[in-house]
Amino acid sequence: MIRAIVTDIEGTTSDIRFVHNILFPYARQHLATFLRDQQQQPEVQAALQAVRDEVDQPQADLATLTQILFSFMDQDRKSTGLKALQGMIWRDGYLNGSFTGHLYPDVLPALTAWQAQGLKLYVYSSGSVAAQKLLFGYSDEGDITGLFSGYFDTHVGAKRDVTAYHTIAAQIGLPAEQLLFLSDIHQELDAAAQAGWHTLQLIRGEADGESRHRQVTDFSEIKPESI
C-alpha cells in the first residue's frame, strides 16, 4: 500500500520550458548584480562558500566566483551552491510578479485528492528547497504549499544516487515499499527502484523507449490505491 508520494518538479509537475526559458534566464540576468549587492548576507556567503568548496578554490574572490557560477549555468551543473543562489534570485522575481510557478492543469486536482485520501506528499528536486517552496507558493494556482509534508533537494544526494532514496525514506519514516516516486527521468526512477521504491514515469512528450518503468501521460492516470 502506498502511503506517501514523492514528486519531481521539472517535466513532472511543471513544464521544463518554464525552468529553462523563464527561471534560468532570470537568474543569469540578475546574478552579478545580486551578488554585488547581497554578498554580505549570511545565506549568500554560505552559498558562495559552498561553491569555493566545490571547485577547491578557498581564496576565490567575488569576480572569480561569479564567472564560475556562469560556467555552472552553461553546464546546467547540479551545484548545491548555485541552486541556492538561483533560489534567492528567483524569490525576488516571484515577489515582484515577474512570473508565477508553472503547474500542469492535471497536477493540483490529483494532489488535492491524494491528500484527502490520507497520503503524505513530498517534493524531491535538484532545485533548492527554497526554490521549490517558491514555485509552489507562487504557482499558477496560488499557494499550494499546504499540500506538501516536506521537501528534499540535493543535500540528501544526487537524484540518480540510490543512497538519496534511502535517506529520504528514513527522513519520511516509512519503508520503501510504501513510497511512490514520480519523475520524467528514467535514470532517477532506476535509482529509486533500486532503493525499493515504487515508480511511475511522467511522459509529457514522446514515450521513453529506454525506460523499464510504467509510463503515464498525466497525473489523472495515477491510481496510488492500485499500485
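The values are calculated or read from the model by the stated rules, or taken from the named source; none is laboratory data. Since we're looking at a predicted model, the values are computed, not measured. Cβ placement follows ideal geometry from the backbone for every residue including glycine, while neighbour counts extend to all protein chains displayed. These area figures cover heavy atoms from the full protein model, side chains too; ligands, DNA and RNA do not enter into them. Shrake-Rupley method; radii C 1.70, N 1.55, O 1.52, S 1.80 Å.
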Residues satisfying the stated conditions in segment 40-50, i.e. in a helix (DSSP H, G or I) and either surrounded by fewer than 16 Cβ atoms within 10 Å (Cβ to Cβ) or among the hydroxyl-bearing types (Ser, Thr, Tyr) (or both): PRO42, GLU43, GLN45, ALA46, GLN49
Looking only at segment 197-215, and only at residues there that are of a type in the set (A, V, I, L, M, F, W, C) and farther than 16 Å from VAL6 by Cβ, the one that is most open to solvent (accessible area, probe 1.4 Å): ALA207
Subset of segment 120-147 (residues that are open to solvent by less than 20 Å² (accessible area, probe 1.4 Å), assigned to a loop (DSSP other than H, G, I, E, B) and at pLDDT 95 or above): SER125, ILE144
Complete set of residues in segment 56-71 that are surrounded by fewer than 15 Cβ atoms within 10 Å (Cβ to Cβ) and either on the phi < 0 side of the Ramachandran plot or polar (S, T, N, Q) (or both): GLN57, PRO58, GLN59, ASP61, LEU62, ALA63, THR64, GLN67, PHE70, SER71
Test for GLU225: is it closer than 19 Å to PRO109 by Cα and in a helix (DSSP H, G or I): yes
Unique match (being modelled with pLDDT under 95, assigned to a helix (DSSP H, G or I) and open to solvent by 20 Å² or more (accessible area, probe 1.4 Å)) among ASP74, ASP53, ASP92, ASP37: ASP92
Residue pairs meeting the criteria (Cβ under 7 Å; at least 6 apart or on separate chains; first within 15 Å of ASP140 (Cβ to Cβ) and in contact (Cβ under 8 Å) with a residue 12 or more places away in the chain, in segment 1-16; second among the small types (Gly, Ala, Ser) and part of a loop (DSSP other than H, G, I, E, B)): ILE9/SER125; ILE9/GLY127
